[in-house]
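To start, the structure under review is shown below, and the notes come after it.
The values are calculated or read from the model by the stated rules, or taken from the named source; none is laboratory data. Note that the structure is a prediction, hence the values are computed from the model and not measured. All Cβ positions, even for glycine, are placed from backbone atoms using ideal geometry, and neighbour counts span all protein chains on display.
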Amino acid sequence: MRLVAMIAAAGLANTLPASVNAVIVPFTGSLTAIASVAPSASCAPQPLQGVISGGSGLSNFGSFVYSHTFCLSGGVGPVAGTFLADFGADRFSGTLSGAAAAGAIAGTFDQTFTYVITAGTGRFVGAIGSFNGIGTVDARTPPPKIAFAFNGGIDAVPEPATWAIMLVGFAATGTVIRYRRLTTHAVLA
């Protein structure tokens, strides 16, 4: 019976810590991109839509392609929209909100965004979290150029494969316990 208890304890020890505890993983990085800003009825009551498609970024998770779409009233004021960080097979996306203000140099703008992760694929499946983006837009020479720095955390949720391994461990432990009970009863009878 002690052997069964030791096997059960070992099974639980091998499956629980790695899979039950989600960990907040830092996310830091930067990106450069070209933006387009144009009037858009889909942004009403705000008159303009800003789009980045194919911005290149580098982070502690590796290189990524960044895109966002947001609505704004002009070079300054509130900003709200959606974003996507694409690491190839791994992606996360969500909403962004913040503000733009006139920069120290005419034709530049300082932007501060808060990003909230709402979805993910690959290693980011089930991930949530938020991070900040601080950057500048240089609109002195079209098209506008953007440089951003990111800092925050992602609450990494275990992948489905990890959950599957944990469930297999529980099933194996239950099978061993049941088999040992049946064997013990057969010997006593």
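Just one of the numbered conditions (1) modelled with pLDDT under 90; (2) outside any strand (DSSP E or B); (3) not aromatic (Phe, Trp, Tyr) is not true of Ala104: (1). So, of the residues in the stretch 148-189 that are surrounded by 15 or more Cβ atoms within 10 Å (Cβ to Cβ) and within 30 Å of Ile52 (Cβ to Cβ), which turns out to be modelled with the lowest pLDDT? Here the residue is Glu159. Given (1) part of a loop (DSSP other than H, G, I, E, B); (2) without any contact (Cβ under 8 Å) to a residue 60 or more places away in the chain, where does Gly94 come up short, assuming only one miss? Going through the list (1) part of a loop (DSSP other than H, G, I, E, B); (2) without any contact (Cβ under 8 Å) to a residue 60 or more places away in the chain, Gly94 breaks only (1). If you take the residues of the stretch 121-142 that are of a type outside the set (A, V, I, L, M) and assigned to a loop (DSSP other than H, G, I, E, B), which of them is modelled with the lowest pLDDT? Step by step, filter the stretch 121-142, then rank; the result is Gly126. Taking the condition farther than 17 Å from Gly152 by Cβ, in a strand (DSSP E or B), in contact with a strand residue (DSSP E or B) (Cβ under 6 Å, 6 or more places away or on another chain) and aliphatic (A, V, I, L, M), does Val25 pass? For Val25, the condition - farther than 17 Å from Gly152 by Cβ, in a strand (DSSP E or B), in contact with a strand residue (DSSP E or B) (Cβ under 6 Å, 6 or more places away or on another chain) and aliphatic (A, V, I, L, M) - is not met. Within the stretch 87-145, being of a type in the set (A, V, I, L, M, F, W, C) and under 18 Å from Gly50 (Cα atoms) holds for Leu96, Ala99, Ala100, Ala101, Ala102, Phe109, Phe113, Ile134, Val137, Ala139. Of all residues in the stretch 44-69, those that are of a type outside the set (A, V, I, L, M, F, W, C) have Cβ atoms under 7 Å from Cβ atoms of residues that are crowded, with 17+ Cβ neighbours inside 10 Å and not in a strand (DSSP E or B), 6 or more apart or on another chain, in Gln49/Cys43; Gly62/Phe87.
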